[in-house]
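Colleague: Sharing a structure, written as C-alpha cells. Questions coming.
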C-alpha cells in the first residue's frame, strides 16, 4: 500500500500522540524531554505545524522509538494464514516484522523422551508459551515443568526436548532463524524432532 504524503503525515502525528499517551506523559513532559516548546508539540500533534525531519528524530528519541518506526507506512497484509505441516501436527506463521523468526503452534501428546540421545542441540534461541496443559522441557540435565500461561526461553545449544505431562498440551513457540534451521535439518534428515513446539 502506498501512502499519500498527507496520509503519512497524519499517521505520524497520530503515532506521536499515541506513544506519548501510552507513556502517560503530558504535552509538557514530552516537550521537555524532546527540548521543544509545548505549543510546538501541540501544533505538531494537531497538524497545525509542518513536520520537520530534525524534530521527528528528536521526538522519536524522546518517545524511546526509532525514526523508522515512527514513519513506517501501514500495510494491507495484517492478517496472515499459517503454513500447515500435517505430518508433524503443527502450524507455522512467519513473522514479517522480524526476518527469519518463525512462530509455531503445536499440540504435543507424547511425554518427553526417556532416552537422552533423543535430545538435540543446534545454534539459535527458542521461546515458547504453554497455551493449555502442562509441558515438560528437558534442558541439559534439567527437567522443567511449564504450566498453562507460563513461558520458557532458552539457547538451543543446550540439548533439549519437549513433551507433554498428564495429557496433551498446546504450545506456541518462537524460533529465531538459526533455531528454525536446526529443526528443519532434523526433519530433513528424517530424525524425529520432538523439540519443536
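Colleague: Going by a ≥ b ≥ c, the root eigenvalues of the Cα gyration tensor, does the stretch 5-71 fall in the rounded group (a/c under 1.5), the prolate group (a/b larger than b/c) or the oblate group?
Modeller: Verdict is rounded for the stretch 5-71.
Colleague: I've got another one for you. Grab the Cα-Cα distance for residue 142 and residue 64, subtract it from 0.36 nm times how many residues apart they are, and report the gain in nm with one decimal.
Modeller: On the way: separation 78, 0.36 × 78 = 28.08 nm, distance 3.81 nm.
Answer, rounded to one decimal: 24.3 nm.
Colleague: Can you compute the FRET efficiency between residue 27 and residue 87 using 1/(1 + (r/R0)^6), with r the Cβ-Cβ distance and R0 = 41 Å? Round to the nearest 0.05. Spell out each step's value before the answer.
Modeller: Working: r = 56 Å, r/R0 = 1.38.
According to the calculation, E is roughly 0.15.
Colleague: Efficiency by 1/(1 + (r/R0)^6): what FRET value for residue 57 and residue 149, r their Cβ-Cβ distance, R0 = 45 Å, to the nearest 0.05? The partial results should precede the final answer.
Modeller: Details: r = 40 Å, r/R0 = 0.88.
FRET efficiency, residue 57 to residue 149: 0.70.
Colleague: What do you get for Rg/Rh over the stretch 131-171 if you use C-alpha atoms and the Kirkwood form of Rh?
Modeller: Details: Rg = 10.0 Å, Rh = 10.4 Å.
That ratio equals 0.96.
No lab work stands behind these numbers, since they all come straight from the coordinates. Treat the numbers as computed from the prediction; the structure is a model and nothing was measured. No Cβ is skipped: glycine too gets one built from the backbone with ideal geometry, and neighbour counts run over all protein chains shown.
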